[in-house]
Every structure is written in C-alpha cells, then in structure tokens.
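Everything below concerns the one structure shown next.
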Protein chains: 2
Amino acid sequence: MKHKKNKYVDILKEVNLRPTRQRVVLVSNIFNSGNRHIKAEKLHEEVLFSGEKVSLATVYNTLNNLTNAGLLRQVKVNSNQNYFDTNTSAHHHFFDEVNHSLIDIPHDKIKLKGIPKPPINKKISDVEIIISIKNK
Amino acid sequence: MKHKKNKYVDILKEVNLRPTRQRVVLVSNIFNSGNRHIKAEKLHEEVLFSGEKVSLATVYNTLNNLTNAGLLRQVKVNSNQNYFDTNTSAHHHFFDEVNHSLIDIPHDKIKLKGIPKPPINKKISDVEIIISIKNK
DNA sequence: ATAGCTGCAAATGCTTTGCAAGGCC
DNA sequence: GGCCTTGCAAAGCATTTGCAGCTAT
C-alpha cells in the first residue's frame, strides 16, 4: 500500500524535517517509550546496537533539530553533557550526581511562591528546579 | 614587620592551601568585591590585566581547589562553561540567556513547597532554582 | 629538604562544522 | 534536478593532566 502510516515519519513531517532513514530511526528510538532523558552518545550507541547505522554527527544534528522544532527540551543541568528531555512540558528534576542521571518530578508536585520579577526588558523563559542527590 | 596580616593569605591557610603568589592573586581578586559569579577565562583575563602572571591551568586548578575547600560553589547552569559563585550559601539565580550572566536571587525570596523525597539510599545535596530570562 | 605548586603543552571530552557524496520530493 | 541531509574527519571550546622545574615551609 502506498499510504502506509508511519507515526514517526509523520512526526518529522509535521515539523518540516525530511523523514530520512536516519531521522526516522532516531525519532522512533526517542519517542517509542514514554518520557526519556537523552544523551547524544547514549542514543548513538543504542541505535548502533539495534543494527542501524547513523553517524554521531547526525545524532547531534537531529537532537538539535528536534529541539528547535519543540519536540525535545534541553535540561539545564551542568554536567558538561547535554540532556534532552522528551517531556517538553514544565516539570522538574532530580539530578543524580553519582551516575549522572535525571529523574522527573511532576510539575505540580512542587509549589513555588515568590518568583521575583525579571530585570527590565527581560522576560522569564524558563523556571527550572534541579534537586541534586547523592548517595547516603 | 614579620607578622604582616594578609587577609587573603589567611583565607588560604585556613583551608590548607599554600599561599603561593598565584593563589593569593586569585583569591584577592575573587573575594575583594562582594558576591561574584566567576568564569575561569574571565578571571584569568582580569588577573593578567592587573599585571600579574598566572597560567590558565592554575586558574582552573585554584577554582577547583577553592570549591573543594568550600569557599566557592559551582552553579549548575548549562552553558558549556562553569560558573563559580562566591556566595556559598543557599540561594537561586536568574540566568540571562543572552549575555550568559547570572543574577542572585536571595534564598528566602522564593518559597518552595512539596519537595519530594529522594529515591531510597539517596539524599538531597542541593536544591537549585534557575530562572532563565531572555530579552522581551 | 621535600612535599606541594606552577606552567606549558598535549590530551581529553563533548559538540559543531566544512564539504563532498548521497537521498528525498 | 535541486535542495536538503549525511558522514567523515577536522576543528572548536572548555577543561584537565603529565611532568619538569620551581617554591613555600
């Protein structure tokens, strides 16, 4: 059949990214299993392991493309490595300092009060709470 | 006089770091003017500009030493560059995405409610709120 | 004297980029 | 066909490290 539906192809088309083999492979890996926190290197390994060939550069490019398209969100933990989150809605994170992993905290779990006004001519683009954790 | 008091030498001695010329230069630059947010490269420039010679590697080493000693604190914004904060007590930050600068938010300004329990065998080591801002 | 520190240059780790070859519409 | 995308290798950037020489105690 000509019009076989492919969810992942559609995702890409919707944001005007050509559904190339590589991008479809990446997108299906990224979005086929609930919310995830993604590191480029890790994603690359997974994809290679699954038998598909995609270069690391393309992984980076695609993650950036998807982020610009609003399909991913960069988490602002400082660990010299970028984390991309498939959950693009507002929420917070535990950051495990030992194994450098992220755990979601639902947005409404934490109540914030007293967020100060930003400086003149600036507007708030993001409010992020990072709760760092380590072993007891 | 033998026992000339030097505040910055004392700071170093207290944390068991030898008060070498380079470290004294750095420490005095860092702590002589209220709370600051420091980038290694910037600090290096400032010190060179003031006429003192210190290598960039030593700037990095010293910033790390001071951080381990508890005199500085690393801020966890994700900007591919480490920020060290002279204010080591709990407080939060605006992060200006345009000029990559930090602005302090006093700790008690923002009230947090509902911080979730960390996973088993983990304890919270830090709670940090980063409010990203950009131009209107 | 000697343990610790510095500075250079090289190495590292993550990420981006230039460009020729290839693939999608 | 034409434009976008890929992949490689090289470059980029912030940071760390190895090591020989120097310095504080």
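The values are calculated or read from the model by the stated rules, or taken from the named source; none is laboratory data. All values derive from a computational prediction rather than experimental measurement. Note: ideal-geometry Cβ built from the backbone for every residue, glycine included; neighbour counts use all protein chains shown. Just so you know, the surface numbers come from the protein's heavy atoms only, side chains and all, with ligands and any DNA or RNA stripped out. Shrake-Rupley method; radii C 1.70, N 1.55, O 1.52, S 1.80 Å.
Some values worked out for this structure:
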quantity: Inter-copy spacing of residue A:35 label points, which lie 7 Å from Cα along Cα→Cβ, given in nm from shortest upward; calculated: 3.0
quantity: B versus A: buried accessible surface, summed, Å² (probe 1.4 Å, to nearest 100); calculated: 3500
quantity: Inter-copy separations for residue B:21, label at 7 Å along Cα-Cβ, nm, ascending; calculated: 6.2
quantity: Sequence-separation-based contact order of the range B:89-133, relative, with Cα cut under 8 Å and 6+ spacing, percent; calculated: 50
quantity: Taking the range B:7-82 and dividing mean pair separation by its residue count, relative contact order in percent (alpha carbons under 8 Å, at least six apart); calculated: 24
quantity: The range A:66-110 residues near the modelled residue A:20 label - backbone nitrogen below 14 Å, point 7 Å along Cα→Cβ; calculated: A:66
quantity: FRET efficiency, residue A:69 to residue B:10 (Cβ-Cβ, R0 51 Å, nearest 0.05); calculated: 0.40
quantity: Cα→Cβ-extended label distance, 7 Å offset, between residue A:79 and residue B:41, nm; calculated: 2.4
quantity: Per residue, in Å², the accessible surface of the protein assembly as shown once ligands and nucleic acids are set aside, probe 1.4 Å; calculated: 58
quantity: Enclosed volume per residue, in Å³, of the convex hull spanned by Cα atoms of the protein assembly as shown; calculated: 185
quantity: Inter-copy spacing of residue B:68 label points, which lie 7 Å from Cα along Cα→Cβ, given in nm from shortest upward; calculated: 4.2
quantity: Calculated [θ] (222 nm, deg cm²/dmol) that DSSP helices of n ≥ 4 give over the protein assembly as shown, each run adding -39,500 (n - 2.57); calculated: -9000 deg cm²/dmol
quantity: Net charge, residue A:76 excluded, C-beta distance under 9 Å - Lys, Arg +1, Asp, Glu -1; calculated: -1
quantity: Rounded to 5, the percent of DSSP beta bridges in the range B:89-133 classed as antiparallel; calculated: 55
quantity: Of all accessible heavy-atom area on the protein assembly as shown, the percent that carbon and sulfur account for (1.4 Å); calculated: 50
quantity: Cut-off under 5 Å, modelled amide H: who pairs with residue B:36 long-range; calculated: B:86, B:87
quantity: Residue B:111-residue A:127 pseudo-label distance in nm [points 7 Å out on the Cα-to-Cβ vector]; calculated: 1.3
quantity: Estimated FRET transfer efficiency (residue B:134, residue B:50; beta-carbon r; R0 22 Å; 0.05); calculated: 0.10
quantity: Cα shape, chain A, gyration tensor, a/c 1.5 rule; calculated: prolate
